[in-house]
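Note sheet for the following structure.
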Amino acid sequence: RILGAGKSAAAANTLPDGVVQEAAEVLLAICRHVTTYSSCGSSCITAECELLLVACPQLLSGLGNVASHLLESGSMDALGSCHRAASSIITLMGTRLSRSTSTMEKIVSTANHAIFSSGTDTTNTKHGIHSAAAVFAVQPLAGNSDGTSPARLWTDAIVEATKSLTLVLSIFLPMHKSASKARQFVDSNDQVWVDLVDKSMASQKDRTSEFLRRIEGYSSILTSLLGLEGCDGSLNESSISCASIPVGALLDLIELMLAFPSAAEARYLSTKSKLRDISIEHGVLSPSSAMGVANYVKCHGLGLFDRIVSSVNSSGIVHGGRIVRLASSSLQSSCSYALKRSIDPVGTPALRADGKRGRRWLHDSLRLRRMSIRSFGNAMLRTGPSIALSTEGSLFTKSLVFVSGCLLEQTNAHDVSPEADWGALSDRIGLVSECAKVLESALSVAGPYLDANTRSTIESVAGTCLSGLSGQFTTNASGPALSYSSTKCALLKLASSCICAPWSDGAGSSLIGLLKRSSESLKKDSDGEVVAAAYSAICLCNAITAPRSPPMIVVSRSSGIDDGFAHMTQEGKPIRSAFTSSDILSGIEAAKKEVRAAVPTSQRTTELLVQANAASSEKRKADLPFKSADIAPKRNNERDSKKQKKDENSQPKALESEAAFVANTKNAKADLSTDEEKVSKDNSEPVDEKVPESMEVQSNTEDNDASSFDEKHAENKEIVASKASIIEDESNTKPSSGAPAS
């Protein structure tokens, strides 16, 4: 009712936006719960799934009507919740929605308006764009009325989004001659917004906003499609398993986005200052506007690069060389001018004294540098150790030297230089951690295949950073980034990888002593993660420096030392056997079976216990000798009478079959007679014998002893009767699953 299921578009707009948002979030939680646990075989989940499948078409139609109203009112939070709920319904329904063409078109239309007509750039707007992009990502899972497979629709969606984003870059800022002819190949769908930009958006501010909106929108759609949103853990994953990815077209697009800052800077520096606010030839943006959004475009390009690299498996190994070249060029172009001039003086031209060449500054962004280093690390992990032996091996090792230089540059940056980097201290700390992480991965992936020069550079930088951690810098003062916990942990892990990975000639690292000294000083740190990393490094150093002799006896992991004797501790206690994972899991399953068997029969067990106690009490009275009534204390008779009254008032809801009850009663009676015989043998009944006259003058102490003996004998009788009743209860309420009795 809240989401307007089964209502018209006009009737679905009567509730506040906050109520609609909460209802959409509840629906989202239910759909995700059913989708996540649909494969566990639970009857409750199956029932919930059947109920949702019946109501989902109406709910999806209601969400479309509500989303249209929210789009008009501008409530992006509630609109994002509705889009997420619609995505979860499409994920759950799958191709069952192939005939719901009008409903799907309405949902996709609202998502398209939310992405490309969202207005101002705020945090809520970005969340709404990501939620709307998820609708485009799950749309292929619903199929269509033509019977096209979801895999084909998914591939077509990626191709269409790639073409649209390439067209945006070519129209707003042509970077080569062929891009200037992009307007000739615009289809009818994109021609509308191209005419809108040319005729209706005269100011550079409006054009820049439209450009950023298109870049973020298409990038979010591609990221959602490549991330397989809607297929994580659901049954729809097999429906697109045979889909193909246009890797070549995506890499062309990413190359344009990564080269956008360099092209924007080149166009800006080559244009006269009076003409920098005028649109470029065959383009829409001015050189000044392009400079303002250049790094933004590259950030989205790096995000797409990471996504495509994670999606490419062994089938995309033919693109490995191009992937490494893109990552390496992006990394080197993001480094500082001083570092590039130091490592590659030939490829980095010197600045002219007259200033005619112009100084570039877009590469000084610390955030962009960190993203470039992360992308290089992802490409290295995907290509594997073979990259060090391929034709791009020299480019790969050169990039590792640049990463080492970035790490050393930030850990020694004590004073702010005139060429200040763009970014806060948190960006500097993240950059140091990312550099250490990438170098650590390089040593783990291709450590034995690195040449001696590259390996020597990495170890030298790692040793310098370790000296800075322990306060032993010999060249420059340590930077402020070395005083933070994340930086300390990252550098300790880098040094640990150095001493674990051998050199190309089989030699070991020389950082063991320095790592141990630094770890000894850091194990008293106030941060727990740093202390744990320090102790782990100390254990690693001890394991490498102290060789271990082979064992004198054979040790069995499951049962201790296998020598045929029971082992004891120093206190003489037996050694407890170790728990294995199978022991723990089997114990957990047994306990769960006990709970499942005990919970539904708790009330029935109580009722049977009352009846069995009453029956055993009457049988006990009938079977015992007539003198036993005089032996039992009066309080036992009163208790039996109270139990009898309680049994008469209670009405059992369910009983076992009569044959089973008679059999259990006979078993209890046999156990009762056996226990009575044992008690009569062990304990004689002196009160039944006649007391001699000579004993009448005994002290009061002997009389008290005799009475206490009578009470103990009566208690024994009561214990026997209780045992019989418990036996009956256990036989009647025994779980069918075979779980052990508690």
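The values are calculated or read from the model by the stated rules, or taken from the named source; none is laboratory data. Since the model is a prediction, treat every value here as computed from it, not as a measurement. Here Cβ is always computed from backbone atoms with ideal geometry, including for glycine, and neighbour counts include all displayed protein chains. Ligands, DNA and RNA are stripped out before the accessible areas are found, and what is left, the full protein with its side chains, is counted by its heavy atoms. Shrake-Rupley method; radii C 1.70, N 1.55, O 1.52, S 1.80 Å.
The single residue among A442, A462, A446 that is assigned to a helix (DSSP H, G or I), surrounded by 21 or more Cβ atoms within 10 Å (Cβ to Cβ) and at pLDDT below 90 turns out to be A446. No other residue among S336, S288, S311 is closer than 20 Å to K398 by Cα and either in contact (Cβ under 8 Å) with a residue 60 or more places away in the chain or open to solvent by 60 Å² or more (accessible area, probe 1.4 Å) (or both) apart from S336.
Condition check ((1) of a type outside the set (A, V, I, L, M, F, W, C); (2) out of contact with any helix residue (DSSP H, G or I) (no Cβ under 7 Å at 6 or more places or on another chain)) across all residues:
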{"site": "A133", "(1), (2)": "no, no"}
{"site": "A142", "(1), (2)": "no, no"}
{"site": "T148", "(1), (2)": "yes, yes"}
{"site": "T155", "(1), (2)": "yes, yes"}
{"site": "S170", "(1), (2)": "yes, no"}
{"site": "H176", "(1), (2)": "yes, yes"}
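Residues that are at pLDDT 85 or above and either charged (D, E, K, R) or over 28 Å from R360 (Cβ atoms) (or both): does segment 325-334 have at least one? Within segment 325-334 (the criterion being at pLDDT 85 or above and either charged (D, E, K, R) or over 28 Å from R360 (Cβ atoms) (or both)), the answer is yes, since at least one residue qualifies. Here T391 clears all of (1) under 30 Å from S521 (Cβ atoms); (2) open to solvent by 30 Å² or more (accessible area, probe 1.4 Å); (3) among the hydroxyl-bearing types (S, T, Y); (4) out of contact with any Leu (no Cβ under 7 Å at 6 or more places or on another chain) except the condition numbered (1). Can you spot a residue in segment 118-128 that is modelled with pLDDT of 85 or more and open to solvent by 20 Å² or more (accessible area, probe 1.4 Å)? No: zero hits.
Please tell me if G64 is under 17 Å from A132 (Cα atoms), open to solvent by less than 30 Å² (accessible area, probe 1.4 Å) and in a helix (DSSP H, G or I). Yes, satisfied.
Determine, yes or no, whether P574 is at pLDDT below 80 and under 30 Å from P448 (Cα atoms).
Spelling it out, it is not the case that P574 is at pLDDT below 80 and under 30 Å from P448 (Cα atoms).
Contact annotation: residue pairs with Cβ atoms under 9 Å, 6 or more positions apart or on different chains, pairing a residue in segment 129-149 that is free of Cβ contacts under 8 Å to residues at least 24 places away in the same chain with a partner that is surrounded by fewer than 18 Cβ atoms within 10 Å (Cβ to Cβ) and assigned to a helix (DSSP H, G or I), are T148/D156.
In segment 157-171, the qualifying residues are those that are within 35 Å of the chain's Cα centre (by Cα) and of a type in the set (S, T, Y), and the one that is surrounded by the most Cβ atoms within 10 Å (Cβ to Cβ) is T162. Against the condition open to solvent by 70 Å² or more (accessible area, probe 1.4 Å) and either farther than 30 Å from Y449 by Cα or modelled with pLDDT under 75 (or both), how does D525 come out, does it pass? Spelling it out, it is not the case that D525 is open to solvent by 70 Å² or more (accessible area, probe 1.4 Å) and either farther than 30 Å from Y449 by Cα or modelled with pLDDT under 75 (or both). Among the residues of segment 17-38, those identified as open to solvent by 20 Å² or more (accessible area, probe 1.4 Å) and over 20 Å from E72 (Cα atoms) are E25, V26, A29, I30, R32, H33, T35, T36, Y37, S38.
Beta carbons closer than 9 Å, at least 6 apart along the sequence or on distinct chains, pair a first residue in segment 379-400 that is without any contact (Cβ under 8 Å) to a residue 12 or more places away in the chain and under 11 Å from R325 (Cα atoms) with a second that is open to solvent by 50 Å² or more (accessible area, probe 1.4 Å) and assigned to a helix (DSSP H, G or I) for G393/Y449. Within segment 50-69, residues that are free of Cβ contacts under 8 Å to residues at least 40 places away in the same chain and under 12 Å from C31 (Cα atoms) have Cβ atoms under 6 Å from residues that are assigned to a helix (DSSP H, G or I) and among the acidic types (D, E) in no pair, counting only partners at least 6 apart in sequence or on another chain. S509 falls short on exactly one of the conditions (1) surrounded by fewer than 19 Cβ atoms within 10 Å (Cβ to Cβ); (2) not basic (K, R); (3) not in a helix (DSSP H, G or I), and that condition is (1).
Within the bounds of segment 79-100, is there any residue that is more than 29 Å from the chain's Cα centre (by Cα) and part of a helix (DSSP H, G or I)?
For segment 79-100, residues more than 29 Å from the chain's Cα centre (by Cα) and part of a helix (DSSP H, G or I): present.
Could you tell me whether S521 is part of a helix (DSSP H, G or I) and of a type in the set (S, T, Y)? Yes. Here Y268 clears all of (1) assigned to a loop (DSSP other than H, G, I, E, B); (2) surrounded by 15 or more Cβ atoms within 10 Å (Cβ to Cβ); (3) free of Cβ contacts under 8 Å to residues at least 40 places away in the same chain except the condition numbered (1).
Each row is one residue, and each column tells you yes or no for (1) among the acidic types (D, E); (2) at pLDDT 85 or above; (3) within 27 Å of I115 (Cβ to Cβ).
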{"residue": "E25", "(1), (2), (3)": "yes, yes, yes"}
{"residue": "C31", "(1), (2), (3)": "no, yes, yes"}
{"residue": "T35", "(1), (2), (3)": "no, no, yes"}
{"residue": "L59", "(1), (2), (3)": "no, yes, yes"}
{"residue": "G62", "(1), (2), (3)": "no, yes, yes"}
{"residue": "H69", "(1), (2), (3)": "no, no, yes"}
{"residue": "G80", "(1), (2), (3)": "no, yes, yes"}
{"residue": "H83", "(1), (2), (3)": "no, yes, yes"}
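Residues in segment 199-215 that are of a type in the set (A, V, I, L, M) and part of a helix (DSSP H, G or I): L212, I215.
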